[in-house]
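Values in this text are rule-based calculations from the coordinates and carry no lab data. Source: prediction; values computed, not measured. Note that each Cβ is placed from the backbone with ideal geometry, even for glycine, and that neighbours are counted across all protein chains shown.
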């Protein structure tokens, strides 16, 4: 059995990644239709994948051939598209952020619950083989008690006329709302939920209305601390997109796994036994670095197949809408912390 999918918002990440890497190769999914507010784009993407084009989401939502929709429209349309899809009886996988505000996210979650359709949010980096291997290591206690983490996502994003990510009214914010939410989600895979945030945001290079720089400190329910940095002002070739997790028995770092690619490796330094205090602080002999290279899994295909399986088996979606709602609560708390200069608790 397969799930027939429609795509609302055929450009950007949909055409670049989710359709060719996720929907087309998925074993239990099939692309049936696409729509976009730009007719030429809808026609071009539809022709590329030999499916039906629509100029609005109404056609897709009225089609009996579509059971699920992937929403990749600009953020300001997420709420309306998701609610319309739910009312049409379509299961919904929505790009992040789930909507512009926490209130809108709540409305989307409620609408899908009322309609009895499944709602997921596309935090596809949870499926990265390196991130999952690290989660296993944490669960098995290989890093001991976790104390600190860092997640970084950067890109060069100069002013582009009409770009929704560069206008808070259209995208909900800039680097934090667009990329920092991924970083928060990844760190919470290991540390649990955030209970308090502090933040600094601003514009250091780009001159559009949204922030090009966001650095946030998160305190997790365990008491551990994390830092996320999201930047729209660093050249792509210079971006490290680092993930770092430190614990009482060692550390694991990766470079490039936070992003749209599915490859990479982990570099671990782990203490295999108890060690006394060493005043000389020797760092390079007792615990050599170990390189871990799990078999890559395409993160887009993995999420499409997992969400499709949830539909076919009538099980909970792998990353439910509530995860998108929670993530947006953390993001909004970071914006509040940046505005006020004070730490903001999450309750």
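Structure data summary
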{"item": "Efficiency of FRET between residue 37 and residue 240 - r from beta-carbon atoms, R0 30 angstrom, step 0.05", "result": "0.25"}
{"item": "Highest-fluctuation residue, 69, 330, 234 considered, GNM on the chain with Cα pairs under 10 Å", "result": "234"}
{"item": "Within a Gaussian network of the chain (alpha carbon springs, distance under 10 Å), most fluctuating of 84, 139, 209", "result": "139"}
{"item": "Over 28 Å [Cα-Cα, the chain], rounded percent", "result": "44"}
{"item": "Average projected area [Cα convex hull, the stretch 219-280], square nanometres", "result": "7.1"}
{"item": "Helix 102-115 vs. the chain, principal-axis angle (Cα, 0 to 90°, nearest 10)", "result": "60"}
{"item": "Stretchable slack from residue 272 to residue 225, in nm (0.36 nm times residue separation minus alpha-carbon distance)", "result": "14.5 nm"}
{"item": "Residues of the stretch 294-315 with amide N under 13 Å of a point placed 7 Å along Cα→Cβ from residue 140", "result": "294"}
{"item": "Value of relative contact order over the stretch 164-243, rounded to a whole percent, pairs C-alpha under 8 Å and six or more apart", "result": "29"}
{"item": "Degrees separating the helix 129-139 axis from the principal Cα axis of the chain, which is the longest one", "result": "50"}
{"item": "Residue 2-residue 312 pseudo-label distance in nm [points 7 Å out on the Cα-to-Cβ vector]", "result": "1.0"}
{"item": "Mean Cα-pair separation over length for the stretch 202-333, i.e. relative contact order, pairs under 8 Å, 6 or more apart, %", "result": "12"}
{"item": "Pairwise FRET efficiency - residue 56 versus residue 27, Cβ, R0 = 30 Å, nearest 0.05", "result": "0.50"}
{"item": "Neighbour-count ranking [beta-carbon atoms within 10 angstrom, fewest first] of 347, 340", "result": "347, 340"}
{"item": "Helix 39-49 axis, angle to the chain major axis (alpha carbon atoms, nearest 10°)", "result": "70"}
{"item": "Scattering curve values for the stretch 207-332, log₁₀ I(q)/I(0), Debye with Cα scatterers, q = 0.14, 0.22 Å⁻¹", "result": "-0.99, -1.37"}
{"item": "Point-to-point label distance, residue 261-residue 290, nm (Cα→Cβ direction, 7 Å offset)", "result": "2.5"}
{"item": "Helix-only [θ]222 nm of the chain, DSSP H runs n ≥ 4, -39500 (n - 2.57) each, per residue, nearest 500", "result": "-9000 deg cm²/dmol"}
{"item": "Taking the stretch 65-142 and dividing mean pair separation by its residue count, relative contact order in percent (alpha carbons under 8 Å, at least six apart)", "result": "28"}
{"item": "Among 269, 245, 197: highest mean-square fluctuation, GNM of the chain, C-alpha pairs under 10 Å", "result": "269"}
